[in-house]
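Read the structure below first, then the notes.
Read-outs: derived from the displayed coordinates by stated rules, not from any lab. Computed from a predicted structure; not experimentally measured. Please note: Cβ atoms are built from the backbone with ideal geometry, for glycine as well, and neighbour counts cover all protein chains shown.
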Amino acid sequence: MQSLKKIIYKVPIIDKLIKKWEKCNNEITKLRSENKELKACIQKMSFEVRRNEVFREIDNIHFRKVQRDMEAMCHPERSILKQAHPLVSIIIVNHNGKSQLSKLLKSLHERTFYDNFEIIMVDNASEDESLDIIKEYQAVLPIKVIRNDENLSFSAANNIGANYAEGEYLLFLNNDTEVTDGWLDELLLSALNNENVGAIGATLVYPEIPNYSINKGKSYTIQHEGIAFRDGIRENIRYWQPYNVNNGEELHACMSREDHEWACVTAAVLLVRKENFWLCEGFDEQYLYGYEDVDFCLKLQKRGLRNYCCGNCLVFHYEFGTQSTDEPTVVRERRARNMIIFRGKWQDYLQKRMEYKEA
């Protein structure tokens, strides 16, 4: 029991709370001797009650922080984050995304335990109440807003956000996501503990959306654990086309606490060093809402860097935060155009890599 107490007292947040209580208790003792009315009131309040209040605060607010500090004590590979403590610029592109922004920003406020970050909100000429929601959360989150006069492409808007970023790391995050406890700590640990890191992605999960047709039967299942490539005959338009690993699989069956290396990860959640982002000239603005992230990850890979999916970082992805108002024919034409650009840039590279792996 004594050894357990020693460990508990070494945890910074608990030690801080106990010292805070001791300080308050000393001040109360001083006041109690001077004020009879206060003395009578305090006597009604037992040590048991005050102790329970402290532990209630630990349970409700600080549990994951306490867990993180204790893990750092037991696992040296986790203490590297406290030593490095890099600034992270979280870049979020938004266009009329009020329906999801509150959920995202609330989760960032409540579930981001890492404390050295900034949020760059790139707003693509929103006409809804998005900016009001952002303004509300600026009171509790370090958000700066970049306003564009038009609805720019995903690539262009994120590149603009990266230009304003001050962090050592850039973290591209979709506005239709919802983060979970300690998500940013886990992404950074993956970036710091793996070798030759290019991009770090998260395990994306389908939320429960009963009326969303794409999500039928997929609630709380894996959406993405990395991106691989589908092979086929050369005449097939899907030859060497990217696909999400383990899409639709059960979460408990697939989710691993280990990091896995993949060719690419999605930019719905993508962490990369700022110097590597600009070394690869950012996202290619030829693409219009598709293939930008895959193209970028391949540029990292071509430079000898490795892309990982973080097994400990779980993020819900709703997939429709910034909805397109384009006609289906326009969407199909855009997708076909993106595919042509992608194949022109990467078909030979992927073919050579696959042949090398098979040799």
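Segment residue 196..residue 109, full-extension length gain: 28.2 nm, with 0.36 nm per residue of separation and the alpha-carbon distance subtracted. The protection proxy used here, the mean number of other Cβ atoms lying within 10 Å of each residue, ranks peptides 141-150, 179-188, 158-167, 284-293 as follows, highest first: 179-188, 284-293, 158-167, 141-150.
Between their Cα atoms, which of 82/274; 144/302; 103/302; 135/299; 144/345; 98/274 are more than 26 Å away from each other?
On the way: 82/274 20 Å; 144/302 33 Å; 103/302 37 Å; 135/299 36 Å; 144/345 35 Å; 98/274 28 Å.
Distance filter (> 26 Å) returns 144/302; 103/302; 135/299; 144/345; 98/274.
So how do 121, 339 line up by other beta-carbon neighbours within 10 Å, fewest first? Each step should come with its number before you reach the end.
On the way: 121 24, 339 16.
Ascending number of Cβ neighbours within 10 Å: 339, 121.
In this structure, the amide hydrogen of residue 182, modeled 1.01 Å from its nitrogen in the peptide plane, lies closer than 5 angstrom to those of 113, counting only residues at least 5 positions away or on a different chain. Taking amide H as placed 1.01 Å from N in the peptide plane, the amide H of residue 198 sits under 5 Å from that of 306, 307, 308, each at least 5 places away or on another chain.
Each residue of the range 289-304 was assigned a 3J(HN,Hα) from its phi angle through the Karplus expression (A = 6.51, B = -1.76, C = 1.60, θ = phi - 60°), giving 6, x, 6, 4, 5, 5, 4, 5, 5, 5, 5, 5, 4, 5, 8, x Hz with x at Gly and Pro. 3J(HN,Hα) couplings calculated from phi for the range 151-163 with the Karplus curve 6.51 cos²θ - 1.76 cosθ + 1.60 (θ = phi - 60°) are, in sequence order, 7, 6, 5, 4, 4, 4, 5, 5, 5, 4, x, 5, 5 Hz; Gly and Pro show x. Projecting label points 7 angstrom from Cα along Cα→Cβ for residue 306 and residue 286 puts them 2.9 nm apart.
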